[in-house]
Amino acid sequence: MQPITDIKKLNKIANSIRQNIIKSLEQAKSGHSAGPLGMADVFTALYFNVLNHDPKRPNLKERDRVILSAGHICPVWYATLAEAGYFPKRELWTLRKLGSSLQGHPHFHSIAGVENTAGPLGQGISIATGMAYAIRYFQKSNEMVYCIMGDGEQDEGQVWEAVMFAAKYMLPNLTVIIDRNNIQIDGPTEEVMPLDSLKDKYEGFNWHVLEVDGHNIEEVIDACNKAKAIVERPVCIIAHTIPGKGVKFMEGKYEWHGKPPKSDEAREALHQLRTMGGKVSVIDCE
């Protein structure tokens with residue numbers, strides 16, 4: 001897939017992804033809102049600029065892999081894959097419904113582009129580390145593996161076992177992107193289990209660490225390109241995001257971690273996204 005470099009176009013794609021997240025969650029009447037909205041810019045950067053991938057050939061051997069460890073934010077993964085052309089957008093309206101390929105947490109090979117099954121938090125980095133190790137040492141090739149994690153799942157001990165393994169085997173083809181939105185289902189992360197400084201922690205395990213504004217697509221792309229240029233160790237990108245980004249009544253509120261919008265809330269959320277919070281008219285957006 002040819003990378004898109006026009007930042008305005010990328011921002012428009014991210015906005016479309018956010019709208020489809022709201023629509024799919026409202027149809028499902030269950031699911032997570034805050035995290036998916038917050039990570040739309042990161043997913044846009046990956047799938048429309050950074051990754052080597054082909055929606056028409058989802059199993060391309062030379063493809064970069066995305067592993068979603070924070071499985072509950074899969075609405076943003078599904079919406080991004082549909083936007084990129086992996087499957088028809090109409091499938092998004094089946095989210096969490098009986099018989100749907102779009103389960104509430106991703107299921108390996110349930111639909112084109114989904115590379116892993118995710119449920120219990122903390123396991124994705126082990127999957128990603130194993131993939132990166134196999135690609136580097138068995139296949140002896142250079143495909144990148146990107147693992148998307150939440151900040152709350154850094155509470156899991158398994159995470160740090162995988163972090164040590166990746167550092168020991170100096171896996172430069174592994175990049176972890178942490179959604180640093182400072183919330184988890186029980187409340188603010190720093191009240192549940194203080195994490196700062198995540199940068200110091202990963203550097204202490206001999207990872208290279210970059211920090212970015214997770215809503216600045218250009219910054220995310222630049223960080224991913226820097227990560228590719230680092231050849232002696234794995235990279236952690238800490239993406240600072242606002243949970244519920246783009247919908248004012250959701251932004252920064254942990255209460256929206258694990259609930260969908262009701263019909264009236266969905267209408268208001270879509271209006272805010274279509275008008276960029278009232279900055280432009282609906283006509284201007286069309």
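Here are a few things to note about the model shown:
- Test set (1) out of contact with any strand residue (DSSP E or B) (no Cβ under 7 Å at 6 or more places or on another chain); (2) surrounded by fewer than 24 Cβ atoms within 10 Å (Cβ to Cβ); (3) not β-branched (Val, Ile, Thr) - Phe43 fails condition number: (2)
- Checking Asn52 against (1) over 11 Å from the mean Cα position of the chain (by Cα); (2) closer than 28 Å to Gln184 by Cα, the condition it does not meet: (2)
- For the range 38-52, a residue qualifies if it is assigned to a helix (DSSP H, G or I) and either at pLDDT below 95 or of a type outside the set (Val, Ile, Thr) (or both), and the qualifying residues are Gly38, Ala40, Asp41, Phe43, Ala45, Leu46, Tyr47, Phe48, Asn49.
- Residue in the range 65-109 that is farthest from Leu174 (Cα to Cα), counting only those that are of a type in the set (Val, Ile, Thr) and in a helix (DSSP H, G or I): Thr94
- Among residues that are among the small types (Gly, Ala, Ser) and under 12 Å from the mean Cα position of the chain (by Cα), Gly31 is not included.
- The range 95-115 residues that are closer than 15 Å to Ser69 by Cβ, paired with ones that are buried (at least 17 other Cβ atoms within 10 Å of the Cβ) and of a type in the set (Gly, Ala, Ser) (beta carbon under 7 Å, 6 or more apart): His105/Gly71; His105/Ala118; Pro106/Gly71; Pro106/Ala118
- Residues being basic (Lys, Arg) and either part of a strand (DSSP E or B) or without any contact (Cβ under 8 Å) to a residue 40 or more places away in the chain (or both) are represented in the range 223-235 by at least one member.
- Filter result for Asp151 (closer than 24 Å to Gly252 by Cβ, acidic (Asp, Glu), free of Cβ contacts under 8 Å to residues at least 60 places away in the same chain and in contact with a strand residue (DSSP E or B) (Cβ under 8 Å, 6 or more places away or on another chain)): yes
- With a requirement of 3 or more residues that are under 18 Å from the mean Cα position of the chain (by Cα), the helices (runs of 4 or more DSSP H) lying completely within the range 110-212 that satisfy it span 124-133.
- Odd one out for Lys89 among (1) surrounded by fewer than 20 Cβ atoms within 10 Å (Cβ to Cβ); (2) closer than 23 Å to Val163 by Cα; (3) modelled with pLDDT of 95 or more; (4) not hydrophobic (A, V, I, L, M, F, W, C): (2)
- The range 119-150, residues that are modelled with pLDDT of 95 or more, among the small types (Gly, Ala, Ser) and surrounded by 21 or more Cβ atoms within 10 Å (Cβ to Cβ): Gly124, Ala128, Ala132, Gly150
- Candidates are the residues of the range 5-14 that are in contact (Cβ under 8 Å) with a residue 12 or more places away in the chain and closer than 18 Å to Gly85 by Cβ; the one that is nearest to the chain's Cα centre (by Cα) is Ala14.
The values are calculated or read from the model by the stated rules, or taken from the named source; none is laboratory data. Bear in mind that the values here come from a model prediction, so they are computed numbers and not experimental data. Quick reminder, even Gly has a Cβ in these numbers, built from the backbone with ideal geometry, and neighbours come from all protein chains shown.
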